[in-house]
Amino acid sequence: MNSRRKVFENSFLYIFSSLLVKAINFLLLPLYTYFLTTEDYGIINLVTSFSNVGIYIIGLSLYSAILRFYVDYKDDKEKLKKFYGSIFTFIFLSGIVFFIIVIIFRNQVINLFFNGVSFFPYVFIGILSLIFISLHEAHQSVLKGMQQGKKLIIINLIIFVLQVCFNLIFIGVFKYGALGVLLTTLLINILYLFILLFDL
């Protein structure tokens, strides 16, 4: 398969899987709104928005470097292993440092970003999740750089199905509300860490 066709095929797979996940989430919205209150949605949105920015602070946009330098190192497996090892180690350590800083300055963080939301357990779980979400994001960049679209889509769909199941259990059965959604995010991304380690 020539490289142009592979890029086109992978682009189609990314777009299709993204649209499928969004469509299923849209169809599940009435179910989520049945179990979650307006306050729960507010907490989830605040923590998620903070996480979306935090990913780039922790990773320092090294996700782009993964895509850029794969082409240079793809023929030298040892260099590629060292390169990936350095990036994943840095992101993990950076995530731990970020987590510790947020714990130390939690009162200031709450006043600036999470006014009215208690640090424990909501923000704490959200910040802890960030370490694993950042590694998850880096692995996704590895798969994109290696043009492994099919593997990426299969992993993402499995993770998405598990996430929906955990969400329904935590918010539907155990009635945890916003905490249930945040716990699901943490557990799914810890689970993804094992997939990442196995794959790499």
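The values are calculated or read from the model by the stated rules, or taken from the named source; none is laboratory data. Everything numeric in this text was worked out from a predicted model, so none of it was measured. Virtual Cβ from ideal backbone geometry, glycine too; neighbours counted across all protein chains shown. Note: areas computed on protein heavy atoms with side chains; ligands, DNA, RNA excluded. Shrake-Rupley method; radii C 1.70, N 1.55, O 1.52, S 1.80 Å.
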Region 165-200 - residue that is assigned to a loop (DSSP other than H, G, I, E, B) and not hydroxyl-bearing (Ser, Thr, Tyr) and, of those, modelled with the lowest pLDDT:
Leu200
Among the hydroxyl-bearing types (Ser, Thr, Tyr) and surrounded by fewer than 19 Cβ atoms within 10 Å (Cβ to Cβ): does that describe Ser129?
no
Only unsatisfied item for Phe8, checking (1) touching a residue at least 12 places away in the same chain (Cβ under 8 Å); (2) open to solvent by 50 Å² or more (accessible area, probe 1.4 Å), is (1)
Filter region 141-167 for residues that are touching a residue at least 60 places away in the same chain (Cβ under 8 Å), open to solvent by less than 50 Å² (accessible area, probe 1.4 Å) and either in contact with an Asp or Glu (Cβ under 6 Å, 6 or more places away or on another chain) or not β-branched (Val, Ile, Thr) (or both) and give the result.
Ser141, Gly145, Gly149, Leu152, Asn156, Phe160, Asn167
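Yes or no, residue by residue, for (1) farther than 22 Å from Ile15 by Cα; (2) in contact with a Phe, Trp or Tyr (Cβ under 9 Å, 6 or more places away or on another chain):
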{"residue": "Leu157", "(1), (2)": "no, no"}
{"residue": "Phe166", "(1), (2)": "yes, no"}
{"residue": "Val173", "(1), (2)": "yes, no"}
{"residue": "Leu182", "(1), (2)": "yes, yes"}
{"residue": "Ile190", "(1), (2)": "yes, yes"}
Any residue at all in region 78-86 that's among the basic types (Lys, Arg) and either in contact with a helix residue (DSSP H, G or I) (Cβ under 7 Å, 6 or more places away or on another chain) or modelled with pLDDT of 95 or more (or both)?
yes
Take Lys77 and tell me if it is under 23 Å from the mean Cα position of the chain (by Cα) and without any contact (Cβ under 8 Å) to a residue 12 or more places away in the chain.
no
Matching residues in region 48-91 (open to solvent by 60 Å² or more (accessible area, probe 1.4 Å), hydrophobic (A, V, I, L, M, F, W, C), in contact with a Phe, Trp or Tyr (Cβ under 9 Å, 6 or more places away or on another chain) and in a helix (DSSP H, G or I)) number 2
Of the candidates Phe120, Phe132, the one satisfying the condition of being free of Cβ contacts under 8 Å to residues at least 60 places away in the same chain, out of contact with any Asp or Glu (no Cβ under 6 Å at 6 or more places or on another chain) and part of a helix (DSSP H, G or I) is Phe120
Could you grab the pairs with beta carbons closer than 8 Å, sequence gap of 6+ or different chains, first residue in region 13-39 and more than 22 Å from Leu152 (Cβ to Cβ), second one surrounded by fewer than 13 Cβ atoms within 10 Å (Cβ to Cβ)?
Phe35/Lys175
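For the condition β-branched (Val, Ile, Thr) and within 13 Å of the chain's Cα centre (by Cα), what is the one hit in Ile131, Ile158, Ile154?
So the residue among Ile131, Ile158, Ile154 that is β-branched (Val, Ile, Thr) and within 13 Å of the chain's Cα centre (by Cα) is Ile131.
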Within region 24-47, which residues are over 19 Å from the mean Cα position of the chain (by Cα), in a helix (DSSP H, G or I) and exposed (fewer than 13 other Cβ atoms within 10 Å of the Cβ)?
Phe26, Leu27, Leu29, Pro30, Thr33, Tyr34, Thr38, Glu39
